[in-house]
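Report on the structure given below.
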Protein chains: 8
Amino acid sequence: MKRLTLAAFTSSLIFSTTSFGSFANEAPATSSFSQISSSSAFSLAHEAVKQCEAKGYNVTATVVGVSGNVIAQLRSDNAGTHTLDSSRQKAFTAMSMKQPTANLMKLIAEKPIMQPLQTMDDNLLFLAGGMPITINNAVVGAIGVGGAPGGHLDVECADAAIKAVL
Amino acid sequence: MKRLTLAAFTSSLIFSTTSFGSFANEAPATSSFSQISSSSAFSLAHEAVKQCEAKGYNVTATVVGVSGNVIAQLRSDNAGTHTLDSSRQKAFTAMSMKQPTANLMKLIAEKPIMQPLQTMDDNLLFLAGGMPITINNAVVGAIGVGGAPGGHLDVECADAAIKAVL
Amino acid sequence: MKRLTLAAFTSSLIFSTTSFGSFANEAPATSSFSQISSSSAFSLAHEAVKQCEAKGYNVTATVVGVSGNVIAQLRSDNAGTHTLDSSRQKAFTAMSMKQPTANLMKLIAEKPIMQPLQTMDDNLLFLAGGMPITINNAVVGAIGVGGAPGGHLDVECADAAIKAVL
Amino acid sequence: MKRLTLAAFTSSLIFSTTSFGSFANEAPATSSFSQISSSSAFSLAHEAVKQCEAKGYNVTATVVGVSGNVIAQLRSDNAGTHTLDSSRQKAFTAMSMKQPTANLMKLIAEKPIMQPLQTMDDNLLFLAGGMPITINNAVVGAIGVGGAPGGHLDVECADAAIKAVL
Amino acid sequence: MKRLTLAAFTSSLIFSTTSFGSFANEAPATSSFSQISSSSAFSLAHEAVKQCEAKGYNVTATVVGVSGNVIAQLRSDNAGTHTLDSSRQKAFTAMSMKQPTANLMKLIAEKPIMQPLQTMDDNLLFLAGGMPITINNAVVGAIGVGGAPGGHLDVECADAAIKAVL
Amino acid sequence: MKRLTLAAFTSSLIFSTTSFGSFANEAPATSSFSQISSSSAFSLAHEAVKQCEAKGYNVTATVVGVSGNVIAQLRSDNAGTHTLDSSRQKAFTAMSMKQPTANLMKLIAEKPIMQPLQTMDDNLLFLAGGMPITINNAVVGAIGVGGAPGGHLDVECADAAIKAVL
Amino acid sequence: MKRLTLAAFTSSLIFSTTSFGSFANEAPATSSFSQISSSSAFSLAHEAVKQCEAKGYNVTATVVGVSGNVIAQLRSDNAGTHTLDSSRQKAFTAMSMKQPTANLMKLIAEKPIMQPLQTMDDNLLFLAGGMPITINNAVVGAIGVGGAPGGHLDVECADAAIKAVL
Amino acid sequence: MKRLTLAAFTSSLIFSTTSFGSFANEAPATSSFSQISSSSAFSLAHEAVKQCEAKGYNVTATVVGVSGNVIAQLRSDNAGTHTLDSSRQKAFTAMSMKQPTANLMKLIAEKPIMQPLQTMDDNLLFLAGGMPITINNAVVGAIGVGGAPGGHLDVECADAAIKAVL
């Protein structure tokens, strides 16, 4: 059995060039992924909450891995209950769509025909505050922040945390 | 271990000024919250239903605590089944976002880019009728009313109940 | 057709005039409701499906009682799976809001500020095809039809069934 | 205490004696049922909470109508969050199955073959603390209590409330 | 009674003998199956309700098609709300597992190691009252009955309905 | 390619012309359906993924049968987690509504009054990328593709797969 | 309006001694409670993960506040996805029932009649690894750990974290 | 920023030896893991279905990646609807717990105190038929098979597929 170590997300499309009848024997049995480490995820979530608290915003910050599952989630003392979900969904969305949620938010506002995107998956949220985390050209996770009085302020905390930690 | 009694929601941000490496030892281990008492919540829900019934509206009134969980819920004889959910969600929203839901309803109508707020959490509802309950400058819970023929009428019952009871 | 005469939904609001401190002893312990009978509900759902099939539409028809729970549901051979949910939700909505869903559909289209109504409860659907069933001035249930190529056609089948059966 | 006399749940089975081909025309179009009034439901829930608090138990008490939907729900200051669900489910179960939940709890313990009852519906809970409310031989609703340190203690509060209020 | 003769569920396994590399071109593009017709499903559910009502049992009867989706569901006037779910799940289970649910109920009771079956899918219920509907050696749907005071009584109504209608 | 010839979806409406009082005896007990075979569904999903990968798009392709349940689902190495849901929902929608989802997407954009369609069923999604699979004038299933940078590109992969396989 | 600062969870039952007719005016409008601070919650979760990793166990640790909502959640690099839910539910259970989950686990094993506890609420889990966090005789939150090869090992990490941090 | 390529699941615990105050700067920012490739997942699922069909069993086979999300899912023509969920949950369980589900099934049967495991997560299922897929000592995914008349037969198909494909 052959196996290749692929640079995740930048791999050439070996799969699609493998002939159908025999691909089980010749295609690589595994692909490899980079994911933000648990320790970095903790630091990021912690730093994002601190950045927002320094400005007087009570938020939740959530960091997810490449599949969109939570690695770290931290909530300020007075952050609303809904920020648990909003920050997690922003992170999920940024990861699964590999874009800042602010971009997607604009897309929907400008192209109303895209509004059904909002009903696609309960884990998706098209509000600013979700940022993919990119290391060596691979998206290795995402961070979402919710609870600041304005999505652009959530973004600022997320950005500042990424700069401080990674 | 140190411990501080904080005036909830008005506390200075002690957390963010605590140094990272040692905050576990020096930051306060607990924060304190004020929450509407069970007895006041019962009275509020009861009064809101009475206020609406006096006007001929069959409603449900729900009072939630600071985490958005129900403390009291009361439904009129002929209120539609959906008012259980609508009143609870209005209360949850007013509490978690610390604003009357009527304000949030206007915000979304005026800024369509904010429409994805509606998909953020199944417990959120951006229709008039949810009011934060503020005592001594702290939001200690919220009331939601649903079922009157117009959200502004739901608000009137909620307001009248707050004035009568607190 | 025989019909029991009942006072539900037209009762004066005894509750709201009962004094608070003693209402437990003096207010009526029960209220009474009229609900469409099981046999009539079966006939209505069956007739609505027949009416639509006669026109070549494959639908589901659902009849609910006063709490919005299903009493009868019938699906045509080739009706899409989603019509189970759509017809039930139309019936729930018409019952719980005591209005034809077509009216509510127009309301939302004309007043965009009311759009959050759509997220209020998973059982609500603001599309034409749900009709309250009124007998002796009381709403005793509702019927919902889904699957015709146009909500107004769903309404026609529902209307025709009500006329034929009740 | 006044009480409207109604025939629900004791009606003879007119339906089953109606011939199939014509039942739509001859069976009664509606059936009537009695349901605990909103005011009595509030009194019952309130009294059950008081009874438990007097003994030092922090509980939620929920009263549901004949369809199992909440009419009144009241929670003590320190009752666990899960008591909202547990009390509601006990009430739903007692109403829908028209038996005290303590009986059903014993049934399952004695006949393990009945254990799948527990997976039948998310609204069902087979623990002591749910009691049907019977007036004039009709089950007009149910009360559920959750949070006392033992289901039999939940039952005591429910029983005492029924005796005190109805 | 007329019946279309169809080969579903008795077809030989053409698929598994098709070679992998080329199956797209040589295997049949479609398979066919027989499903109980809407009209028969209605008759079955109606008859099952009548059979139970004649014995004084208030039940819901649900008939599902080969995928387990509802075709007909009918509820007696006083059947508990939970019978909507219980009858539907019994029908789903009998269809998807192609066995009477009473057999599966015994299996779990006798082999406790099989208890996790109960958590496999929210649509499954291992209580007596679900019966596959077999025509010409093909399972074309299933009926589930819930609400009689004993699963064997639910079965009797289902059996009697199948005999009377098919 | 071999294909069984079946009459599903083109049958005349025997049901609606059967007299009510006696239809149980005279209407056909079953109807028959053609459904895309398991082997063809596998090939279609596989081919759609290959088509997209050849263009550099990481997608999930899902093929459903006539009831909207999954027969085959395949996800590219780097396709976002949300594409599992989006492709499945597109396929469900195309099947249940018997139209390409791109048509329905346009309908909602052009007629805002139809927006509540989006809340009708969690399985529905009104974005391009879902295509009914029609064989011998019968819709025998549907394919949905999600993850390409634009719904029209999802459609291209689905179309190409249908042409290549069927 | 009067207001009392109550020592949460140890308060005398003022409510129940307040006369019914007037309790709205005389009972305290709010109650106060202590909750583990965000900073301590983060430290606790972090320490629990470290304690487990030092022993070679990959876990998730979750800390919840008094309502059972997450304040901090941290997952090791290789902890299974299910540990997100299991650790959160253990923490919720320990908080809402104010007992270590290991005690409740034993209770159910010894008294099979209590097995329905498991179906009471989706947030409850009766496996060892959840511990209430008590400060000054008040339960101010709870920690749950999941993923170690044995619930008693999850408990050890939780215990060690509480000792190290508080 | 440092970064390490770790052999997933066999890595030494670098994290836990990193000092707390500075781990953000010195611990590796990412971890890497191997996951079964999309092409191998398809082959595995396809082969498992074929193996079962050759024995006359109609099953669904599902292959998940390291986070437990579906990569490939294939269902035989006549496999019951519930096999979609059962096979997926078996695969999820084998992956998340890194053991064959047959082992876990025995564990619960032998130690009844472990029964609450069944309520831990809706994605878990403790029935035979789920197998971790291990390559180079790392668990890179899992396969689940459901629908054979006995879990040990599901296992045989899964095992045979793993042998044939990897």
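Inside segment D:58-68, can you point out the residues that are in a loop (DSSP other than H, G, I, E, B) and surrounded by 24 or more Cβ atoms within 10 Å (Cβ to Cβ)?
Those that are in a loop (DSSP other than H, G, I, E, B) and surrounded by 24 or more Cβ atoms within 10 Å (Cβ to Cβ): D:V59, D:G65, D:V66, D:G68.
Criterion first (buried (at least 24 other Cβ atoms within 10 Å of the Cβ) and in a strand (DSSP E or B)) does E:A72 satisfy it?
Yes: the conditions hold for E:A72.
Considering segment A:149-166 alone, what residues qualify as being among the aliphatic types (A, V, I, L, M) and part of a helix (DSSP H, G or I)?
Across segment A:149-166, the qualifying residues are A:L153, A:V155, A:A158, A:A160, A:A161, A:I162, A:A164, A:V165.
Report whether or not F:G21 is at pLDDT 95 or above, among the small types (G, A, S) and either over 26 Å from A:G141 (Cα atoms) or touching a strand residue (DSSP E or B) at 6+ places or on another chain (Cβ under 8 Å) (or both).
Judged against the criteria, F:G21 is not a match.
Being at pLDDT 95 or above, surrounded by fewer than 22 Cβ atoms within 10 Å (Cβ to Cβ) and over 20 Å from H:I133 (Cα atoms), is that true of even one residue in segment H:26-37?
no
Somewhere in segment H:144-151, is a residue in contact with a strand residue (DSSP E or B) (Cβ under 7 Å, 6 or more places away or on another chain), surrounded by fewer than 24 Cβ atoms within 10 Å (Cβ to Cβ) and not β-branched (V, I, T)?
no
Within segment A:90-140, how many residues turn out to be among the small types (G, A, S), in contact with a helix residue (DSSP H, G or I) (Cβ under 8 Å, 6 or more places away or on another chain) and more than 8 Å from every other protein chain (Cβ to nearest Cβ)?
Residues flagged as among the small types (G, A, S), in contact with a helix residue (DSSP H, G or I) (Cβ under 8 Å, 6 or more places away or on another chain) and more than 8 Å from every other protein chain (Cβ to nearest Cβ) within segment A:90-140 amount to 5.
Are any residues in segment B:51-69 away from chain G (no Cβ under 11 Å) and without any contact (Cβ under 8 Å) to a residue 60 or more places away in the chain, and if so, which ones?
B:E53, B:A54, B:G56
Determine whether segment E:70-84 contains at least one residue that is touching a helix residue (DSSP H, G or I) at 6+ places or on another chain (Cβ under 6 Å), more than 30 Å from C:V66 (Cβ to Cβ) and at pLDDT 95 or above.
Checked segment E:70-84: no residue is touching a helix residue (DSSP H, G or I) at 6+ places or on another chain (Cβ under 6 Å), more than 30 Å from C:V66 (Cβ to Cβ) and at pLDDT 95 or above.
Cβ-Cβ distance below 6 Å, separation of 6 or more or different chains: which pairs start in segment C:88-102 with a residue that is under 19 Å from E:V70 (Cβ atoms) and touching a residue at least 60 places away in the same chain (Cβ under 8 Å) and end on one that is of a type outside the set (D, E, K, R) and assigned to a helix (DSSP H, G or I)?
If the second residue must be of a type outside the set (D, E, K, R) and assigned to a helix (DSSP H, G or I), the pairs left are C:K90/C:T101.
Any residue in segment F:87-105 that is open to solvent by less than 10 Å² (accessible area, probe 1.4 Å) and under 21 Å from H:S37 (Cα atoms)?
Checking segment F:87-105: at least one residue is open to solvent by less than 10 Å² (accessible area, probe 1.4 Å) and under 21 Å from H:S37 (Cα atoms).
Each row is one residue, and each column tells you yes or no for (1) among the charged types (D, E, K, R); (2) closer than 26 Å to D:N123 by Cβ.
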{"residue": "E:A94", "(1), (2)": "no, yes"}
{"residue": "E:N103", "(1), (2)": "no, no"}
{"residue": "E:H152", "(1), (2)": "no, yes"}
{"residue": "E:D159", "(1), (2)": "yes, no"}
{"residue": "E:I162", "(1), (2)": "no, no"}
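Select, from D:A128, D:A109, the only residue that is free of Cβ contacts under 8 Å to residues at least 60 places away in the same chain, open to solvent by 40 Å² or more (accessible area, probe 1.4 Å) and farther than 22 Å from B:L74 by Cα.
D:A109
What are the residues in segment A:152-166 that are open to solvent by 50 Å² or more (accessible area, probe 1.4 Å), within 14 Å of chain H (Cβ to nearest Cβ) and over 13 Å from A:V63 (Cβ atoms), if any?
A:K163, A:A164
State all residues of segment B:70-89 that are within 7 Å of another protein chain (Cβ to nearest Cβ) and charged (D, E, K, R); if no residue qualifies, say none.
If the condition is that a residue be within 7 Å of another protein chain (Cβ to nearest Cβ) and charged (D, E, K, R), then B:R75, B:D77, B:D85 are the ones that fit.
Any chance you could count how many residues in segment E:134-148 are under 17 Å from E:R88 (Cα atoms) and not in a strand (DSSP E or B)?
Residues meeting the conditions: 2.
In segment D:43-57, what count of residues is obtained for those that are over 17 Å from D:M131 (Cβ atoms) and either surrounded by 22 or more Cβ atoms within 10 Å (Cβ to Cβ) or at pLDDT below 95 (or both)?
1
Is segment H:6-16 home to any residue that is more than 14 Å from chain B (Cβ to nearest Cβ), open to solvent by 20 Å² or more (accessible area, probe 1.4 Å), modelled with pLDDT of 95 or more and in a loop (DSSP other than H, G, I, E, B)?
There is no residue in segment H:6-16 that is more than 14 Å from chain B (Cβ to nearest Cβ), open to solvent by 20 Å² or more (accessible area, probe 1.4 Å), modelled with pLDDT of 95 or more and in a loop (DSSP other than H, G, I, E, B).
The values are calculated or read from the model by the stated rules, or taken from the named source; none is laboratory data. Please read all numbers here as calculations on a predicted model, not as lab measurements. Cβ atoms come from the backbone with ideal geometry, glycine included; neighbour counts cover every protein chain shown. Accessible surface areas use protein heavy atoms only, side chains included; no ligands, DNA or RNA. Shrake-Rupley method; radii C 1.70, N 1.55, O 1.52, S 1.80 Å.
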